[in-house]
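The next block holds one structure in the form of structure tokens; read it before the comments.
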Amino acid sequence: MSGPLFVFHGIEKTFAEDEILRKVDLSLYPAKCILLTGKNGSGKTTLLKIIAGLEKPEKAEIEISGKLHCWKKVMPIIRKEIIYLHQQAFLFSGTVESNVAYGLRFTSLTREQRRESLKKALERSGLTDLAKQQANTLSGGVQQRVAFTRAWILKPKVLLLDEPVSNMDQESREKACLLIQRMKSAGMSIVITSHVPQYFDGLADVQFDLVNGKLLQ
Amino acid sequence: MNGLLLTTQQALQLLLYGDAELWSIVLLSFSVSLKAILLTTPFGLLLAFGLHHGNFPGIRFILAFFNSLLSVPTVVVGLFLYVLLTRQGPFGDLKLLFTQSAMVIGQMILCFPVLVALGYAAIQAADRRVWETSRTLGAPTWYTILTIFYEVRFGLLAAVLTGFGRVISEVGISMMVGGNIMGYTRNITTAIALETSKGEFAQGIALGLVLLSLSFLLTAFLSYIQSKKGVIT
Ligand SMILES: Nc1ncnc2c1ncn2[C@@H]1O[C@H](COP(=O)(O)OP(=O)(O)OP(=O)(O)O)[C@@H](O)[C@H]1O
Ligand SMILES: [Mg+2]
């Protein structure tokens, strides 16, 4: 087994005297899926946002290829490798196509490569026919699919999915799980939060329960 | 009563037959006020953004300060600027008093708080996920700011239009630091004040009609924007 991409050490987070995370450690391996469960308000979203660099921890260190760095120093460098997806996707005003292409302009791809990559991604997700549609006119399920595609197209090393299937019916849920399985097989490290762990039975390699600011296996 | 009808008729004639003097005054008004609003907008909106996303003590105080400046009397801004620009004043050497530049500066001071306060309100209405989504997709900070501005563009446009409405219709600053010099610093409002004091109502009414139509247009457009805002966000 190859070594971890990133190991987070001692993540601490407090909201108004309330210790949400107490020295949480988490290792992210390529092509592995972590399932994160926990009660409402236990801090799952907060943990994912800290890993994605969207929320500041009081304390945290990140280990990369055996070397320790402080969160603040390396986050600007590694944040491009880590994408967080909201429980309810936010789509920018504009077309489906412009949403999917949003992050491409910050990559080193040429214009031609970007166009090619966009075309492929839309096809892969079955969004080609909807490409010119205004994103905010679509149903919740399709919006979620657009958000998936928008992240996937950037080929991040780590994908953080916050309750990805909680608002879906069974059919879309199964489709989404298949999609996640494909991303995992492609080598991505995936973290999923959920209230219903059964949904991800075949998918998750480890399961952690977030209780009182600690991860329990 | 007859007199009023007659002058109104004269006013309409001035407007319709393209009276050169009248339209040059209108043009000057727009030129000065557009410069003021366009120069102020980037700074006002960036400060509004900083106040919303910044995380330092005293933000509430600064916001309250700008909110209280929303209704500052224009003559007070005029007086303040006059004292600074007068020949004996600290910036007297710049020789800006009674120039269009002085009017632009004064109007910039006037619309700055409008842009900050209303811009803040617009940005505050943006979904927190806009920032997070943009950042996590790899956008640099400046691009994220532009994305947020785009998402709340109707609110920001409303702020800009309100600021423009405030400066194009003000008279105190233009009178005090512009000096109402024909062909140079005379704008719509100072011309109305002067013509009226001379008893020449026709031109005053004509200019008043221009200002009124503009304000109707702005208001109509603003309420249109408000309805758009409701649909989009
Ligand atoms: N910006 C914030 N300011 C203050 N408190 C916050 C903030 N964000 C989250 N919290 C608090 O932190 C705690 C953890 O929230 P978080 O959203 O991480 O929980 P969660 O496990 O994702 O919950 P859920 O299962 O409902 O999604 C909650 O008690 C919440 O009220
Ligand atoms: Mg949550």
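Please treat every number below as a calculation from the coordinates, not as lab data. Because the structure is predicted, anything quoted here is derived from the model rather than measured. With ideal geometry, Cβ positions are generated from the backbone for all residues, glycine too; neighbour counts draw on all protein chains shown.
Below are the figures for this structure:
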read-out: Wholly within region B:127-201, helices (runs of 4 or more DSSP H) carrying at least 2 residues that are under 27 Å from B:V32 (Cα atoms) and small (G, A, S); value: B:153-168, B:188-197
read-out: Which listed residue, of A:A135, A:A131, A:A186, is within 14 Å of chain B (Cβ to nearest Cβ) and either within 16 Å of ligand 1 (Cβ to nearest atom) or under 25 Å from A:L109 (Cα atoms) (or both); value: A:A135
read-out: Residue within region A:81-90 that is of a type in the set (S, T, Y), within 16 Å of ligand 2 (Cβ to nearest atom) and closer than 20 Å to B:E132 by Cβ present; value: yes
read-out: Residue in region B:147-162 that is surrounded by 19 or more Cβ atoms within 10 Å (Cβ to Cβ), within 14 Å of chain A (Cβ to nearest Cβ) and free of Cβ contacts under 8 Å to residues at least 60 places away in the same chain present; value: yes
read-out: Flag if A:G3 is within 16 Å of ligand 2 (Cβ to nearest atom), surrounded by fewer than 16 Cβ atoms within 10 Å (Cβ to Cβ) and either without any contact (Cβ under 8 Å) to a residue 40 or more places away in the chain or away from every other protein chain (no Cβ under 14 Å) (or both); value: no
read-out: Residue ranges of helices (runs of 4 or more DSSP H) in region A:102-217 with at least 2 members free of Cβ contacts under 8 Å to residues at least 12 places away in the same chain; value: A:111-124, A:170-185
read-out: Those residues of region A:25-58 which are more than 14 Å from every other protein chain (Cβ to nearest Cβ), within 12 Å of ligand 1 (Cβ to nearest atom) and not in a loop (DSSP other than H, G, I, E, B), in sequence order; value: A:L36, A:T37, A:G38, A:K44, A:L47
read-out: Residue within region A:68-85 that is crowded, with 22+ Cβ neighbours inside 10 Å and within 16 Å of ligand 1 (Cβ to nearest atom) present; value: yes
read-out: Residue count, region B:132-146 (criterion: more than 8 Å from every other protein chain (Cβ to nearest Cβ) and not hydroxyl-bearing (S, T, Y)); value: 3
read-out: Enumeration of residues in region A:50-80 that are within 16 Å of ligand 2 (Cβ to nearest atom) and without any contact (Cβ under 8 Å) to a residue 60 or more places away in the chain; value: A:I50, A:L54, A:E55
